[in-house]
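Participant: Take this structure, written in structure tokens, and hold onto it; I'll ask about it next.
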Amino acid sequence: MYESRAYDKDTGDGFGPDPVVVLVVTGTHDVSRLLSLFNGGSPLCEQLSLGKRLARQRLDLNPQGKEPRP
């Protein structure tokens, strides 16, 4: 199971916020598939869906850039 969260974190350095993505992968099956992807394997359909979901979460940030919209 893949859980994800995307938001912007204020760094306080005057250059604007840094993007943050938090990904939690649960279960032997999903963890091993993710490790395979990181080791150069081809993405699976659920990983492609996860990428689309993360992109939407990045685009759906509220105007303050702190938390995703509900």
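Participant: Rolling a 1.4 angstrom probe over the protein heavy atoms, how many square angstrom per residue are accessible across the chain?
Facilitator: Accessible surface, normalised per residue, equals 74 Å².
Participant: I've got another one for you. Can you pull out the chymotrypsin sites (Phe, Trp or Tyr not before Pro) in the stretch 1-59 whose DSSP state is coil and whose Cβ has at most 12 other Cβ atoms within 10 Å?
Facilitator: 15
Participant: Let me ask you something else. Evaluate the relative contact order of the chain (contact order divided by residue number), counting alpha-carbon pairs under 8 angstrom at least 6 apart; express in whole percent.
Facilitator: Relative contact order comes out at 38 percent.
The values are calculated or read from the model by the stated rules, or taken from the named source; none is laboratory data. Just so it is clear, the structure is predicted and the values come from calculations on it, not from any experiment. Ideal geometry is used to build each Cβ from the backbone, glycine not excepted, and the neighbour counts take in all protein chains shown. The area values use the complete protein model at the heavy-atom level, side chains included, leaving out ligands, DNA and RNA. Shrake-Rupley method; radii C 1.70, N 1.55, O 1.52, S 1.80 Å.
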